[in-house]
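Data block below; observations after.
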Amino acid sequence: MNVNGMLLVLMMSILGMVSCKQEAKKVLSADVETKPLYEANWESIKKHYKDPTWFNEQKFGIFIHWGAYSVPAYGSEWYPRHMYMDTANFSAQLNPGKLGPTKEFLHHKKTFGDQKEFGYKDFIPMFKAEKFNADEWIDLFKAAGAKYVVPVADHHDGFAMYASKTTRWNAKNMGPKRDVLGELFKAGRSKGLIMGASSHYAFNWSFYNKKDHFDTMDPQYADLYSKKGKDLKEPVSEEFKKEWWIRTLDLIDNYQPDILWFDFMLDRPAFKEYRPKIAAYYYNKGIEWGKEVVLQDKNFDHEAFPEGTVIYDLERGKLPGIRKLPWQTDTSIGKNSWCHVSNWESKDTNQLIDDLVDIVSKNGNLLLNVGPKADGTIPDDQKKILLEMGDWLKVNGEAIYGTKYWKTFGEGPTEVKKGHHSEGKNKAFSGQDIRFTQKGDKLYAIMMAWPKDSKVTITSLGLSNEYSKGLTIKNVRLLGSDAKLEFKQSPEGLVVTKLGEKSGDFAHVLEITK
């Protein structure tokens, strides 16, 4: 080989080495780019996760409990469980309560027949949703002032309200034969609402009572009633946990929910290994989608999801003070049920607005549930409440949306009970109860009831009060009113007089310019 030939071989060798290095760099780069940020352990999740700012700014959302359980419209959304309780009413913790058959068991037998011949599965063809209109629902929720919507995707009953790729028991294949969740997501997102979904499926394993004289033991329906045996306390099988996993991934991947809300069973020890896995998967998906997503859990009886890894959610309860991390109350318009029932009892608008104000003053959000009828209509009494809340928010929303908590949540004699299912212990707020929020140079003092003699003294804003140190008050006005207010800041408090006429029937907002 001549000199030129040797040079050519050498050059080709060098070029080959360079090319190999470049390819190696590409591979390494690809590995770095595709490696997920969140790993399936709490250390990784705590390191990278931060509650999205957008969630805490929305303040008010709508929850929707709607499914085949709306057909019997009796008892509650737990009708499919209680209709099979013939010897005792077993609690969610699987402890026997009142002995004897439940009222749902007796009602079902009398109204629909024997539970072996007519089981819960037989309600599904009756669940036609013939009047359901997603756009009408979303328009109502927007008029109510809601900023996000969380429909139940699948409840404990095992019937998916979406076009599931993992179970035949879904609303696209049966019942309505429509992708209910998909229609709501499309309508909501087209009209500027944030859309989430809730999953209650983990409790499906223990939800149904299994006895030979019920259809729940029929193997052809095991994919609805679960494959658990007759022992109500039988440990959750690995097969079921894997079913839960792929079903949840199906929901995440195909609907890309901005909010994913989980019910209590995921808190239990049986699902311990799956909790960091689902959090990491969902948060990584959010990165892939280019948006911050929110995972919510109740941490019912222990800290199943460590603080700072999810939004803490309280069922039918509130907090007595400020929580610096965002949180949420989920409750229902209905006092006695989440789904539509024939004897539904609605709370009043005043109570719900007071709850919203109290929760927001403590850095929380309110997720308020509606219970549509089986035909897809939302009852008039629920509509009325939602529209009244919307009218109030049109006037006073600046004291709610995008606000932050102040140095103290408020003042007044009425205490708020703490914890899940504590709302029934709370008393109505009085004219002396005031809640605070703030935004920019505005401090909002929200009077929970109209004060006597149209005069109020806000002690937290007194010159001698630690909360008002360095606070200079330039102006005070009543939202929704043209009345010219007189105010004076004394050591005892900020005294506002001549409030004029009531600005509405519910909580009243004083806008204080600092």
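The values are calculated or read from the model by the stated rules, or taken from the named source; none is laboratory data. Because the structure is a prediction, the values reported are computed rather than measured. Neighbour counts are summed over all protein chains in view; Cβ atoms, including those assigned to glycine, are modelled from backbone coordinates with ideal geometry. Heads up: the accessible areas ignore ligands, DNA and RNA and are worked out on the full protein's heavy atoms, side chains in. Shrake-Rupley method; radii C 1.70, N 1.55, O 1.52, S 1.80 Å.
Quick notes on this structure:
- GluC sites (Glu not before Pro) within segment 236-300, DSSP loop, no more than 12 other Cβ atoms inside 10 Å: E273
- Cross-link pairs exceeding 21 Å between alpha carbons, from the set K318/K404; K335/K427; K165/K227; K394/K452; K324/K407: K394/K452.
- Here the translational diffusion coefficient of the chain follows from Stokes-Einstein with Rh set to the Kirkwood radius across Cα pairs; for 25 °C and 0.890 mPa s it amounts to 97 µm²/s.
- Dipole of segment 307-349, positive end: most advanced residue of P326, L314, S342 [Cβ charges, Cα centre]: P326
- Accessible carbon and sulfur surface of segment 30-138 relative to its total accessible area, %, 1.4 Å: 53
- Sites matching trypsin sites (Lys or Arg not before Pro) across segment 52-154 that sit in DSSP coil, with at most 16 neighbouring C-beta atoms within 10 Å: K116, K128, K131
- Label positions at K191 and I287, each projected 7 Å from the Cα along the C-beta direction, are separated by 3.5 nm.
- For E130, the shell of other residues with beta-carbons less than 12 Å away shows a net charge of +4, using +1 for Lys and Arg and -1 for Asp and Glu.
- Restricting the trypsin sites (Lys or Arg not before Pro) of segment 225-285 to loop positions (DSSP other than H, G, I, E, B) with no more than 12 neighbouring Cβ atoms within 10 Å leaves K230, K233, K272.
- Magnitude of the charge dipole for the chain, about its Cα centre and with charges confined to Cβ atoms of Lys, Arg (+1) and Asp, Glu (-1), is about 780 debye.
- Surface per residue (accessible, 1.4 Å probe) for the chain, Å²: 44
- M174, M85, ranked by accessible area, largest first (probe 1.4 Å): M174, M85
- Helical contribution to [θ] at 222 nm, DSSP H n ≥ 4, -39,500 (n - 2.57), averaged over the chain, rounded to 500: -9000 deg cm²/dmol
- Rg followed by Dmax, in Å, when segment 114-223 is reduced to its Cα trace: 16.1, 50
- Within segment 299-372, the percentage of alpha carbon pairs spaced more than 16 angstrom apart rounds to 53%.
- Karplus (6.51, -1.76, 1.60) ³J(HN,Hα), θ = phi - 60°, over segment 270-276, in Hz, Gly and Pro reported as x: 4, 9, 3, 5, 7, 5, x
- Residue ranges 195-205, 401-411 sort as 195-205, 401-411 when ordered by packing (mean number of other C-beta atoms within 10 Å per residue, highest first).
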